[in-house]
Structures are given as structure tokens and as C-alpha cells.
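Single-structure report; data block below.
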Amino acid sequence: RLKQLDQRITIRTTLRPLVLSETSDYIHFRIVKAGKGSVLFEDRAIKAVYRFSGGIPRLVNLIASRAMMVAYINSSHKVDKEHVRDAVKHLSDVSPLKSTLRSPAFYVLSALLLLAMGAASVPLYEAHLQDRAIGRFLSRNAGLVVSRHDVQTVPKAQPGIDKNRQGSGSAVRMEAPSRGNESPGVLGRMDRAAVAKSSAALKNQKRKATVIVKWARLRQRPSLRAERISVASEGSVFDIVGDWTEINGNKWYKIAAPGGEYLWIAAHLVEVESRHQ
């Protein structure tokens, strides 16, 4: 709003809090300029001043001055960490920063809490991986509906289960999408016309992969440990003939290389575009 004042400001800058090394240099410089070069601040005392002040020069001045007074009262020729902590107790401006110094019990409890959270997340991560595996299956078999709760052990022959899959192994019951009040049937009673239509649509859909990085490595297998066969430059376009997702979530595309061979490229290195034939 004060345009006249704003027009007279030719240089603008922002003074940020000092870092630890700057705080140390600042304290020693002030002591020398005051003619008290014999005063010694221990390294631990300087670190305490920095933690309590947050690197703000005004608070550095205040804490360091009070710490020197505490050291003088205790007939000490050097300022240590305890002198700084005693000085801070009488400064209201820095009282909220006292929480930066935690007790050992705080770190122990924090570590135990993190371990407990990590242990609780393992079953959730395993369920997530299983859901992703089912999702990949569904993407390759359009029209099928599979639920994780339908995975069950088949101890003996049951109606609706393929006789070739009877036994003590696991079976997955695949159901067609429900239509109104119609009860979902097993695989043998699915709407095969819908499955055929979805499969035909997938076949008519041609995907292209365009390299979006400067250089992309083409590998023999879908793994970062696989041998590198060639490299592709940014903007190179390949036909996608397949894909694969590792258990850790890394996705790969199988592409048709110029030499007629099929190689693999990481999904995050390309941009995929679908085109209908």
C-alpha cells in the first residue's frame, strides 16, 4: 500500500536462523569483540545454545549472556552445558523450546511404538499384495469376478468344482457378475459370450510405450538384476506385447525391439497410450 516506500527499496533479502556452525562462529566473534577472548564455551554448551535458541541471533545473545553469568557465579572459567540449561530455566522467551531436549525414556518409548506399528502393518501389507495379485488376474481375464474370500480348501468333490481340480489343494471359485436377483454361478455356468466379447476387445486394443527419460535400459527379463541388452533414447516408441508386475509392485512392459526380439522395460520409464486397431 505504501508505493512510495516500496519504490525506494532496492535490495530485498530474508535473514534465516543460523545453523550450528554459524552459531558457534557468532558466539566466538561476539566474545572477541567484547574483549573477553579468554572466555571458553565448550562444544556441548554451544550445541545447547543452538538447540534452545533455534539459531535466532537475539536468543543466542540472551542465552549465552545468561550462561556466562551462571558460570561466573559458579567460579568456573568455562561455560558448559549445565550452565546453559540453568540459564534457560530463567528465560521465559525460550521456555517452549525446552522440549527439544528429550529424556532417554522418550526415545525408548518412541522406538517401541514404531516397532509395534511396523509389526501391525505386516498383515495389512500381505493382504495388499494378495489384492494386487487378484487385480492382475482380473485384468487378464475380463468378465470374471473373484473375491479373496472365495479362496478355500476343497477336501473332497463338491458340486460346481471341476473334477480335475478335486483333492487336497486350494481352489478359486470364479463367479460371473450378478444380474439382479440372479444368483452367481460357478465358472462352468458363466456367460461365455461376455467373456469372449471382452477378450476380443482386449485383442483389438494396441498399446504403445513411449520413452519419457533421456535414456532407458532394455533388459532380457523383467528385473533390475537382469542383463541389459540395449538402451532406448527419449521419444522412442515400442509396441507392448505383454506386462509383468513383481511382488514388490515394480511393473514391467514386454516390448517388440527393432531387431525383432522381445525385451523388457520398466513401466516408470515410459508413457503408455492405447490405440484401437
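Report whether or not Phe29 is touching a residue at least 40 places away in the same chain (Cβ under 8 Å) and in a helix (DSSP H, G or I). No: the conditions fail for Phe29. Checked against the criterion of being open to solvent by 50 Å² or more (accessible area, probe 1.4 Å), farther than 20 Å from Gly260 by Cα and at pLDDT 90 or above, the range 201-213 contains one or more residues that satisfy it. Looking across the range 40-70 at every residue that is open to solvent by 10 Å² or more (accessible area, probe 1.4 Å) and among the hydroxyl-bearing types (Ser, Thr, Tyr), the one that is farthest from the chain's Cα centre (by Cα) is identified as Ser65. Looking across the range 249-277, the residues that are open to solvent by 40 Å² or more (accessible area, probe 1.4 Å) and either touching a helix residue (DSSP H, G or I) at 6+ places or on another chain (Cβ under 9 Å) or touching a residue at least 40 places away in the same chain (Cβ under 8 Å) (or both) come down to Asn250, Lys251, Glu271, Val272, Glu273, Ser274, Arg275, His276, Gln277.
Taking the range 36-83 as the range and being part of a loop (DSSP other than H, G, I, E, B) and within 19 Å of Asp25 (Cβ to Cβ) as the test, the residues that pass are Lys36, Gly37, Ser38, Val39, Glu42, Gly54, Gly55, Ile56.
Evaluating Val237 against the criteria (1) open to solvent by 60 Å² or more (accessible area, probe 1.4 Å); (2) in contact (Cβ under 8 Å) with a residue 60 or more places away in the chain leaves one unmet condition, (2).
Restricting attention to the range 212-229 and to residues that are farther than 14 Å from Leu269 by Cα and not in a loop (DSSP other than H, G, I, E, B), the residue that is farthest from the chain's Cα centre (by Cα) turns out to be Ile229.
In the range 71-85, the residue that is nearest to Glu42 (Cα to Cα) out of those that are over 47 Å from the mean Cα position of the chain (by Cα) and either surrounded by 16 or more Cβ atoms within 10 Å (Cβ to Cβ) or among the aromatic types (Phe, Trp, Tyr) (or both) is Ala71.
The values are calculated or read from the model by the stated rules, or taken from the named source; none is laboratory data. Remember, it's a predicted structure, so these values are computed and weren't measured experimentally. All Cβ positions, glycine included, derive from the backbone under ideal geometry; neighbour counts span all protein chains shown. These area figures cover heavy atoms from the full protein model, side chains too; ligands, DNA and RNA do not enter into them. Shrake-Rupley method; radii C 1.70, N 1.55, O 1.52, S 1.80 Å.
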